[in-house]
Amino acid sequence: MEKNRVILSLLLCGVMLYYAMPHLVLTTSSLQGIFSISWLTFALFAAGGNLSSLLYAPRRKKAGNQKNSVRKPLRQRG
């Protein structure tokens, strides 16, 4: 379920970037340009965080292998 949430967040970040890029003005040094650059930076951080969460998530082992495996008793010192 966690993987689905991360994929959905990544897709939403992509949609927001796709919609916002034509409206952002990056060439001015006014307040509008500062806002555009900071918005783009935060959007790329959000997309990068979701992408790293997707790529570096720990792998789950199959549930069937864990249930059928029998643990060997530990040897006790005597």
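Filtered by the rule that a residue be open to solvent by less than 90 Å² (accessible area, probe 1.4 Å) and not β-branched (Val, Ile, Thr), region 1-15 gives Ser9, Leu10, Cys13, Gly14. Within region 16-34, restricting attention to residues that are part of a helix (DSSP H, G or I) and either in contact with a Lys or Arg (Cβ under 9 Å, 6 or more places away or on another chain) or open to solvent by 90 Å² or more (accessible area, probe 1.4 Å) (or both), the residue that is nearest to Met1 (Cα to Cα) is Met16. Pairs are defined by a Cβ separation below 8 Å, a sequence spacing of at least 6 or placement on different chains, a first member in region 18-30 that is farther than 11 Å from Ala43 by Cβ, and a second member that is of a type in the set (Ser, Thr, Tyr) and surrounded by 10 or more Cβ atoms within 10 Å (Cβ to Cβ); the pairs so defined are Val25/Ser36; Leu26/Ser36.
Applying a threshold of 8 Å to beta carbon distances and a minimum spacing of six or more residues, or different chains, the list of pairs starting in region 35-54 at a residue that is at negative phi and open to solvent by 60 Å² or more (accessible area, probe 1.4 Å) and ending at one that is of a type outside the set (D, E, K, R) and modelled with pLDDT under 90 reads Ile37/Leu26; Trp39/Leu24.
The values are calculated or read from the model by the stated rules, or taken from the named source; none is laboratory data. The model shown is predicted, which means the values in this text are computed figures rather than measured ones. Please note: Cβ atoms are built from the backbone with ideal geometry, for glycine as well, and neighbour counts cover all protein chains shown. The area values use the complete protein model at the heavy-atom level, side chains included, leaving out ligands, DNA and RNA. Shrake-Rupley method; radii C 1.70, N 1.55, O 1.52, S 1.80 Å.
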